[in-house]
Amino acid sequence: MSSHSAASFYLAGMLAMGVWIGAWLRPDLPLCISLTAFLLACIPCTLKGILRKGFWTLTGLTVAGIGMWSMAAALPENQPDHYLNHIHPEVESLEIRVLESLKPTSYSEKYTGEIRRVNSLKTRGKVLVDMRRDSTRGPLLPGQLILTPVLPQPVSPPKNPGGFDYGKYLETQGIYARVKLNSATCLLTPPARVGQPVLGLRRNLHRAINDLGLGEQETQIARALLLGDRKTIEPELHQAFTRAGILHILAISGLHVGILAAFLFAFLTPLRLLPYGKGLQTVVGLTLLWGYALIAGFSPSVVRAVLLYSFVALAIYLERPGQTLHFLGLCWVFMLVAIDPNWLLQVGFQLSFAAVAAIVVFYPILIKYLTFDKWVGNSLGKLIAVSLAAQAGTLPFTLYYFHQFPGLFLLSNLVLLPGLGVLLVTGLACMSLELLIELPRAAANLLDGLLGGMNRYVHWAAGQDAFFLKGISMSQVEWILSVLSLFLFGIYLKTRRHQVLYGLAILLLLFQGAGVYQNAKGFKKQSWVIPHQVAHTMVWTRKGSRLEVAATDSEKGARLVRDAQNHWGIRDTEYSLVAPFYTLDNSTLRVLDRSGLYSPGEPHPDYLLLSGSPRVHLERVLQVLKPAMVIADGSNYTNDVNRWKKSCAEKGIPFHATAYDGAYEIEVPRE
């Protein structure tokens, strides 16, 4: 590893540490500025001999301070004009500008918006707009203004163990609240017709893809491949690409940008015949690439790819080619400091950089064993080496975030990636020509056939259940240790310093120790869990790594059980119907279902679970059964839950409603 690459990666790592600390501690902005200024002022002392050996330490700490500073500056509490600092009960109106449409649900449309005014005060800050579906109007368009008196509210945390935390996900996008609207609670203005050339071009390109006359699934994939728009992909099709191990081709990244750049620079080769043609080719090519990045949504993966290619192209033009790892570190620093530090917290950003870094480090090692004499074998060897390297770099992230591993990833890459260049260029050409002329039906049929063939393979690969591993549990500590281990292993491959192996061995021992600790901690766990599920009742009994699931409809709650299995590392699951009585050591749980049947002579339970809105007089039930606590799950009517809550408050009995407070866990110490 060269000194430039080592310095870039060191500073990138310190910057990431600063951003993480800023996101964790949420410090005041003046404190971050003062700390960074102090560290920066100390650096000259290392050049004058006062702290001669501390230059890189102080430089790294200064960069970490810059990372913490950039993260603190992005927090709403450190922005005086952020709308959250001006929301109070007396607010009468908000002005929201629609920024982008998101994936809708069956009941509502979702958009990102910017709150531009609170009453008459100018503000800023993004918000999630949750608009109830209405057949009397079309979808909202970017640039459209919304006037409403409805105040933004925090996004609720997940109601069940291991559930997706949508609020935290939105925070990584710089969104800290949402407004729930319908046609009666807001006034919509017409979208702006001018001043939005990129959005207008993007809409026209979407329309061109729709006009090609492709199949439904082929159209969805074309939007994702060409424009980075995945929100219209059906869940079943998205899951098929995931199981086939080829989902990454639907996210515009280095693979797409590399193919497009090769085509553009080859197409612009005649410019080299002109005076200063080499520079002109570079400038025009990079301008077109950045234009494509804007049209594709400016996501972290496409920005990283275009920025990295820009560094490489400029180095080639200046005849000063540098190392890719050095440029990758520069991309990391630039994106987090100059664009958005929240990107570090996004899964796509982490996967994008991990894949490229792993390819750069591991590919030279793997290709030594995959080089053949024949051209075909050599090409396949390169593709295998790239696929294995990228998979190795992203493995800790896919296991931690998604708890699954597609065993057919290598076969899928070998089958689909060789033809991706033809597919991408054909798709871009058809989409562009459709804007200008009426595209010949033969060209559209060719694109439809290519996309259809890819989809057929994906569905076949997704059906091979034996090769898809799921339910893989990994704690945050194990994830961090595995990423650090992979990083040290990469350093060893680049430097061949045996001292690095000592650190790697320590990390691997800590990784094993963390796993043993998690298993031992989970073994001692014993509890009941009442999850929240609308219209159905579930009672989970957790005993170490074993989960006993009692449910009125196990199929309806399969996703909840799967999330809990991944979250807790459950190895064995048993299913049964909901019973009226449960005993765990000396604790008892009584389930009172829709029938409302109970006996005055039965033992007094510690916990009473109300299920299916039982037709009973709760005050009388409380008087007879004398439970220590009452729980109402999601199978009950809202009016009943509110009435029961008042009854329990009058009796001084604790009450928990999963509809409002989420799942309830009753821990029972082991005897």
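The values are calculated or read from the model by the stated rules, or taken from the named source; none is laboratory data. Here the structure is a predicted model, which means the values were calculated and not measured. Cβ atoms come from the backbone with ideal geometry, glycine included; neighbour counts cover every protein chain shown. For accessibility, only protein heavy atoms count, side chains too; no ligands or nucleic acids. Shrake-Rupley method; radii C 1.70, N 1.55, O 1.52, S 1.80 Å.
By definition, a body whose alpha carbon gyration tensor gives a ≥ b ≥ c is prolate when a/c is 1.5 or more and a/b is larger than b/c, and the chain fits this prolate description. A probe of 1.4 angstrom, applied to the heavy atoms of all protein chains, finds residue 325 with accessible area near 10 square angstrom.
Quick one: grab the alpha carbon gyration tensor of region 99-188, order the square roots of its eigenvalues as a ≥ b ≥ c, and give me rounded if a/c is under 1.5, else prolate or oblate depending on whether a/b is larger than b/c.
It is oblate, given that a/c is not under 1.5 and a/b is not larger than b/c.
Does anything in region 228-253 have its amide N under 16 Å from the 7 Å Cα→Cβ label point of residue 312, and if so which residues? What the label zone holds, given the 16 Å backbone N cut-off, is 253.
Note on residue 553 and residue 137: the extension gain reaches 146.0 nm, defined as 0.36 nm multiplied by sequence separation minus the Cα-Cα distance.
Placing unit charges on each Cβ (+1 for Lys and Arg, -1 for Asp and Glu) gives the chain a dipole about its Cα centre, and among 485, 131, 513 the Cα reaching farthest toward its positive end belongs to 485. Among 611, 93, the order of accessible area from largest down is 93, 611, computed with a 1.4 Å probe on protein heavy atoms. Between the Cα long axis of helix 29-47 and the first principal axis of the chain there is an angle of about 40°, rounded to the nearest 10.
For region 81-153, chymotrypsin sites (Phe, Trp or Tyr not before Pro) meeting the loop criterion (DSSP other than H, G, I, E, B) and having at most 15 other Cβ atoms within 10 Å: 107.
Straight-distance candidates among the lysines for linking to residue 646, with alpha-carbon spacing under 22 Å and chain neighbours fewer than 8 residues away dropped: 626.
Between the listed residues 80, 311, 609, the Cα displaced farthest toward the positive end of the dipole of the chain, a dipole computed from Cβ unit charges relative to the Cα centre, is found at 311. Per residue, the average separation of C-alpha pairs within less than 8 Å and at least 6 apart gives the chain a relative contact order of 11 percent. Potential lengthening of the chain between residue 283 and residue 7 amounts to 96.5 nm, from the contour at 0.36 nm per residue minus the alpha-carbon distance. Placing +1 on each Lys and Arg Cβ and -1 on each Asp and Glu Cβ, with no other charges, gives the chain a dipole about its Cα centre of roughly 1240 debye. With contributions of -39500 (n - 2.57) from each DSSP H run of at least four residues, the per-residue ellipticity at 222 nm computed over the chain stands at -17500 deg cm²/dmol. By the scheme Lys and Arg +1, Asp and Glu -1, what is the net charge of all other residues having a beta-carbon under 14 Å from that of residue 327? Net charge around residue 327: +2.
Sorted by accessible area with a 1.4 angstrom probe, largest first, how do 56, 479 fall?
Ranked from most to least accessible, the order is 56, 479.
Computed with a 1.4 Å probe on the full set of protein chains, the accessible area for residue 661 sits at about 100 Å². Around residue 442, with a cut-off of 15 angstrom between Cβ atoms, what is the net charge of the other residues, counting Lys and Arg +1 and Asp and Glu -1? With Lys, Arg at +1 and Asp, Glu at -1, the neighbours total -2. Based on the Cβ-Cβ distance from residue 623 to residue 505, what FRET efficiency comes out when R0 is 60 Å, to the nearest 0.05? It comes to 0.40. Considering region 53-109 at the alpha-carbon level, its Rg and Dmax are found to be 19.9, 62 Å.
Shape analysis of region 183-303 places it in the oblate category; the axes a ≥ b ≥ c from the Cα gyration tensor give an a/c of at least 1.5, with a/b not above b/c. Using heavy atoms of the protein chains and a probe of 1.4 Å, the accessible area assigned to residue 405 is about 40 Å². In straight Cα distance, which aspartates and glutamates are under 16 Å from residue 543, not counting same-chain residues fewer than 8 positions off? List returned: 572, 574, 585, 665, 667, 671.
For residue 596, the residues 5 or more places off, or on other chains, whose built amide H falls under 5 Å of its own are 615.
Spatial offset of region 386-464 relative to region 579-625 amounts to 55 Å, using the alpha carbon center of each. The residues packed around residue 666, meaning those with a beta-carbon under 15 Å from its beta-carbon, carry a net charge of -2 if Lys and Arg are +1 and Asp and Glu are -1. Computed about its Cα centre, the charge dipole of region 88-172 is approximately 160 debye, with only Lys, Arg, Asp and Glu carrying charge at their Cβ.
For the residue pairs 122/180; 168/382; 159/525; 556/651; 470/494, the C-alpha atoms sit more than 27 angstrom apart in 168/382; 556/651; 470/494. Axis angle, to the nearest 10 degrees, between helix 476-495 and the longest C-alpha principal axis of the chain: 20 degrees. Is any residue of region 508-538 close enough, with backbone N under 13 Å, to a label point placed 7 angstrom from the Cα of residue 594 along the Cα-Cβ axis, and if so, which? Taking a point 7 Å out along Cα→Cβ of residue 594, the residues of region 508-538 whose backbone N falls under 13 Å are 535-537.
Stretching the chain fully between residue 231 and residue 81 yields a gain of 50.9 nm (0.36 nm per residue, less the alpha carbon separation).
Between the helical axis of 409-436 and the longest alpha-carbon principal axis of the chain there is an angle of about 70 degrees.
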